[in-house]
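The structure appears right after this line, and notes come after that.
The values are calculated or read from the model by the stated rules, or taken from the named source; none is laboratory data. Computed from a predicted model, the values in this text were never measured in an experiment. When we count neighbours, we look across all protein chains shown, and the Cβ atoms used for this are built from the backbone with ideal geometry, even at glycine. In case anyone asks, the SASA skips ligands and DNA or RNA and just uses the protein heavy atoms, side chains included. Shrake-Rupley method; radii C 1.70, N 1.55, O 1.52, S 1.80 Å.
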Amino acid sequence: MPEIKRLRYFDKQFLQEPDFTDEQSYHLGMRRRHNRLLHTPGIAEGLEVQKTGARTLTVSAGTAIDRNGQEIVLSDPVPLSLDDPAVISPAPGPNTTLFVTIAYNEVATDPQPVENPLGNTRTTERPLLKVTPQPPDTTVISLATFKLEATAPGNIPGNANDKLDGGVRTFVGAGLADNAVSISKLKKELRLSLTITLNPGATQDFIAFKAPANAPTSAFLLVYAFSPPNNADTAQTTPVALADTTSRGFTWDQRYYTGIIQGQGDTVINTYQLVRFRNLGTVAITVSFRIYAVLES
């Protein structure tokens, strides 16, 4: 079976070109395997597309990781002209939908002097930026899409310095194994733990999280709720059809409200995250629940 090998050095060892190549290949392969298995592909930072002229855009410096785990690093901003054949050919006209992408690319550079044999002394990772009318596949990183104006020659829409997006930008994420993050490991805060009684058709609201409207933020809510059995339930031993369970049951949903809620002692406008419980059945029930807020760091 194939094995992973790395260089092992000792004194007076005779090293040749393949040894140094294998040294680099080992570290590149391991790093890219880490990126591929533990991260989802996308933009890590920067790489924003900005209109800088009627038919010119600029891609800012930044970093991305592709689906093969290769790091794509653009060290400096790069201008792209829609009238440059090296960027796109033929030049796009009015109403053309364009896609801006970046991909990993490397070239041999820095040729050594006149010594024999001649050869390049560096491999330069030089990202490949493209503007194309064809929708890209997953081998590249999408940076923006836009439609040129309807009048000739078909300028880039918007004003100078506007950022172009189009909803195609995907950002690097964490690739986690199943059950890698359990609820117990989340940074969460218990907001409410109650047992309430709901009459048929009744609703009851609870404030789970609030933040000043002039400094908006939110929390991801975790709600655990169940309706404990009553005496009538424990005495019932005959199974019922699913359609007959409508006499008992409840639901909950999350709502947002911006303003001031009476009785809370608030004097500024807040954005509230509310949890509303509703009895869907025809008999009164009790509902026990806990609400956790997974807070922003």
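What to note about this one:
- Matching entry among 117, 113, 135 (being over 25 Å from residue 79 (Cβ atoms), open to solvent by 90 Å² or more (accessible area, probe 1.4 Å) and either in contact with a Gly (Cβ under 8 Å, 6 or more places away or on another chain) or assigned to a loop (DSSP other than H, G, I, E, B) (or both)): 117
- Checked against (1) modelled with pLDDT of 95 or more; (2) in a loop (DSSP other than H, G, I, E, B); (3) under 30 Å from residue 30 (Cα atoms), residue 149 passes all but condition (3).
- Among (1) over 30 Å from residue 175 (Cα atoms); (2) among the aliphatic types (A, V, I, L, M); (3) touching a strand residue (DSSP E or B) at 6+ places or on another chain (Cβ under 9 Å) - the single one residue 150 does not satisfy: (3)
Conditions tested, residue by residue: (1) closer than 15 Å to residue 290 by Cβ; (2) part of a helix (DSSP H, G or I); (3) in contact with a Gly (Cβ under 6 Å, 6 or more places away or on another chain); (4) at pLDDT 90 or above.
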residue: 189; (1), (2), (3), (4): yes, no, no, no
residue: 192; (1), (2), (3), (4): yes, no, no, yes
residue: 195; (1), (2), (3), (4): yes, no, no, yes
residue: 205; (1), (2), (3), (4): no, no, no, yes
residue: 208; (1), (2), (3), (4): yes, no, no, yes
residue: 211; (1), (2), (3), (4): no, no, no, no
residue: 215; (1), (2), (3), (4): no, no, no, no
residue: 218; (1), (2), (3), (4): no, no, no, no
residue: 225; (1), (2), (3), (4): yes, no, no, yes
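- Which numbered condition residue 272 fails, given (1) more than 15 Å from residue 207 (Cα to Cα); (2) crowded, with 16+ Cβ neighbours inside 10 Å; (3) modelled with pLDDT of 85 or more: (1)
- The listed residues are 40, 21, and the only one of them that is in contact (Cβ under 8 Å) with a residue 24 or more places away in the chain and not hydrophobic (A, V, I, L, M, F, W, C) turns out to be 40.
- When residue 175 is tested against (1) open to solvent by 70 Å² or more (accessible area, probe 1.4 Å); (2) under 30 Å from residue 69 (Cα atoms); (3) at pLDDT below 90, just one condition goes unmet, and that condition is (1).
- Remark: residue 246 matches the filter, which requires a residue to be modelled with pLDDT under 90 and part of a helix (DSSP H, G or I).
- From the options 134, 50, residue that is free of Cβ contacts under 8 Å to residues at least 40 places away in the same chain and within 29 Å of residue 151 (Cβ to Cβ): 134
- Taken together, 107, 181 contain a single residue that is exposed (fewer than 13 other Cβ atoms within 10 Å of the Cβ) and more than 28 Å from residue 76 (Cβ to Cβ), which is 181.
- Residue check, residue 169 out of contact with any Lys or Arg (no Cβ under 9 Å at 6 or more places or on another chain) and in a loop (DSSP other than H, G, I, E, B): yes
- Cβ-Cβ contacts under 6 Å between residues 6 or more apart (or on different chains), taken from a first residue in segment 162-173 that is closer than 13 Å to residue 145 by Cα to a second residue that is part of a loop (DSSP other than H, G, I, E, B), are listed as 163/48.
- Residues considered: 76, 66. Of these, the only one that is at pLDDT 95 or above, over 20 Å from residue 133 (Cβ atoms), open to solvent by less than 30 Å² (accessible area, probe 1.4 Å) and acidic (Asp, Glu) is 66.
- Residue in segment 186-198 that is farthest from residue 226 (Cα to Cα), counting only those that are over 21 Å from the mean Cα position of the chain (by Cα) and exposed (fewer than 11 other Cβ atoms within 10 Å of the Cβ): 190
- Test result for residue 41, open to solvent by 50 Å² or more (accessible area, probe 1.4 Å) and either under 23 Å from residue 170 (Cβ atoms) or under 25 Å from the mean Cα position of the chain (by Cα) (or both): yes
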